[in-house]
1. Taking amide H atoms as placed 1.01 Å from N in the peptide plane, list the residues 5 or more away in sequence, or in a different chain, whose amide H sits under 5 Å from that of residue 238.
2. Looking at 505, 559, 601, which one has the Cα that reaches farthest to the positive end of the dipole of segment 489-601 (charges on Cβ: Lys, Arg +1; Asp, Glu -1)?
3. Show me the three semi-axes of the equivalent ellipsoid for segment 194-270, from the C-alpha gyration tensor (sqrt of 5 times each eigenvalue), largest first, rounded to whole Å.
4. Which far-off residues, 5 or more places away or on another chain, put their amide H under 5 Å from the one on residue 643, with H placed in the peptide plane?
5. Taking Cα centroids, how far is segment 509-585 from segment 68-144 in Å?
6. Which value at 222 nm does the chain reach when only helices count, each DSSP H run of 4 or more adding -39,500 (n - 2.57), with the total divided by all residues and rounded to the nearest 500 deg cm²/dmol?
7. So what's the angle, to the nearest 10 degrees on a 0 to 90 scale, between helix 571-583 and the longest Cα principal axis of the chain?
8. Under 1.5 on a/c is rounded, so check that first for segment 269-311, then, if it is not, pick prolate when a/b is larger than b/c and oblate when it is not; a ≥ b ≥ c are the square roots of the alpha carbon gyration tensor eigenvalues.
Amino acid sequence: MKNERKLPAYPLFVKDPNYSLWSATEELNKSNVQNWWGEEKRIYGFLKTHGKTYCFLGNGADFANCGVENAEQTEFELTAFTTDYTFKAGKTTLKIQFVSPLLPDDLEMISLPVCYLEYEIAGDENAEISLFLSRDVASNACNPQRGVRGGVVQCDKFESAFFGLRKQLPLSNNGDNIGADWGYWYLAGEESFVIDERDLSAYLAGGYKSFSNAGEERFLCAMNKAQKGALLLGYDDIVSIDYFGDFRKGYYLQRHTIFEALETVWKGYREIDKRLARFDEDLKKRAQPFGKEYLNILYASLRQSISSHKLVTDGEGNILFLSKECDSNGCIATVDITYPSSPLFLLYNPELVKGMMRPIVRFARMPVWQYDFAPHDAGTYPHCCGHVYGFNQARNKYMGNLTQKVNEETWFPFYLLPAGSDIYDLKTQMPVEECANLLIMWYACYTRDGDIAFFAENADLAEKWVQYLVKHGLKPEEQLCTDDFAGHLKNNINLAIKATVGIACYAKLLEAMGKNGQEFCKTAEEFAKEITAFANRFEHMPSSWDADESTFSLKYNFAFDKILNLGLFGQELFERETDCYLQKANEFGTPLDQRDTYTKSDWLCWTAALTDDREKRYKILSQVDYFLKNSPCRVPFSDWYHTTTGRYVHFRARTVQGGCFILLLTV
């Protein structure tokens, strides 16, 4: 069979930034499983049938000396929450689904710390399916392995093997390309064991289960003989988030134990399947007007976007949905990550958008943040230790060495510092960007759920931030924006558009509270008229107020003007901009601007939302789909890549791909 490629990498078991396992090849048994940043984890799946052992998961060639053969992969499919394979193992057929239950409108399910491998065997009533999980899943390659301890627990009608590092150091690292080396992993089936490498070889070669468990290497193992069933993988991180000094457990595990989670899935996975299938059917219907290529983009985005967060609550029970800025800098609750990801969560659960914003408004009230604009982040995952972006130790000789040098270290709790500490470099802040992002999201949430309370509680902050936009938003000084990979761009038009939309959103929010927003409505309209008048001098809008039409940039910030029906800009302007993007397109899409060939896939989808022309929209979306199917870099859906080669520059597995859902907000 020719295994037709759909994505650069395929989600297998994904739940949160520390529980995220992927396959980077078309054939599941031709490579080892990886976590989201590419570190291999030895996870293997085998089928014993008709006297032979076949590998269906992990690099089967590793076990050729045990007489293991690779099963033949014959079919492959994706749905919203499953990655599905069919194999031939001699005369036996094996169908499997890797299921990550992540319904965005169900907080218990998002945070349920269990994924499962569902299977069906045909052609051998005596076949046995098994999964093996190496101890390396419990640690990071950058740290010496400290050994694991574990055991087996007898549950109701199933067993669960478990292990974790012998020395548990919860929340002992933060940073980017690194995972947790704390907590315990659980592998559940009809039978479960903790074994060593000799035990594994003996089982594969001869079916022996008299395990000695005497070697240093350790594997969890789960086995089923039922013709249909599931094998479960759970992860209990014990402590999930440091929320400004308050250590928080995951949302589900605040109320339940990991064994209750395993039992819930063991007994109820078929009902979970039905709910996931209903979501998938609904998603297909929603995406149908935009083409099958768009559905593939949504499939590539959905699990990745949700699982790049951790769901917890604060001490008052408020939802916190904390993102990790994967493969970027590891920040937590980054505002210009929340903004592009928001369409997915606005569509299905606006409370999650509020949960992304709460850490920012909390930190913005702390004495150390003494600025009249919004912070960029709340720390570095999994620590809400206070804004870290643009930290400048040299600004204050009394601060000492507060910075971290490597991922294995953790930040100092900056939120404790007093007013006047002056630890941030203003040249590396994003004032216009983040102020407008928050105002737009506040109003977008209100339009989806009609609840003004969260905004009203923070109206004083919002007033300060909108005043910053009024003063600085139309012609922003040279300051950082989210897309300044090629350097700062003074008088950035796209940033001015965002500021204009943000001011208009603030006016609408005031009206929703029964107050007069006319002053800000008028300001937004005046800004929009000036931007439009400037644009009308050219065939397409330049990238800055200082430039001419020899320059261009993706003006994706128009999107929320259209989606929220603000009426600031005209459709004719959107269509002219779209025509420009199509003229500037390379093989894998349109660059961000004239300065380089790279683009952002989330913003390409936002530009596709601007046009009313179906053919134009299709051309933009089809190039994103083409990237997914042809990029030479086999990494989870990257949002930053070259339009000429399809090679990813940086950024993978990021939640910003939730922005690809933006077209579903237009219908």
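1. Under 5 Å from the amide H of residue 238 lie the amide H atoms of 184, each far enough along the sequence or on another chain.
2. Among 505, 559, 601, the one farthest towards the positive end of the dipole of segment 489-601 is 505.
3. Semi-axes, largest first: 33, 20, 7 Å.
4. 598, 599
5. Using only Cα atoms to place each centre, the spacing works out to 47 Å.
6. Calculated mean residue ellipticity at 222 nm is -10000 deg cm²/dmol.
7. Roughly 60 degrees, rounded to the nearest 10.
8. Cα axes put segment 269-311 in the oblate bin.
The values are calculated or read from the model by the stated rules, or taken from the named source; none is laboratory data. Predicted model only: the values in this text are computed from it and were never measured. FYI the Cβ positions are ideal-geometry reconstructions off the backbone, even for glycines, and counts take in every protein chain you see. The protein model used for the area step is the full one, side chains on, heavy atoms only, and it has no ligands, DNA or RNA in it. Shrake-Rupley method; radii C 1.70, N 1.55, O 1.52, S 1.80 Å.
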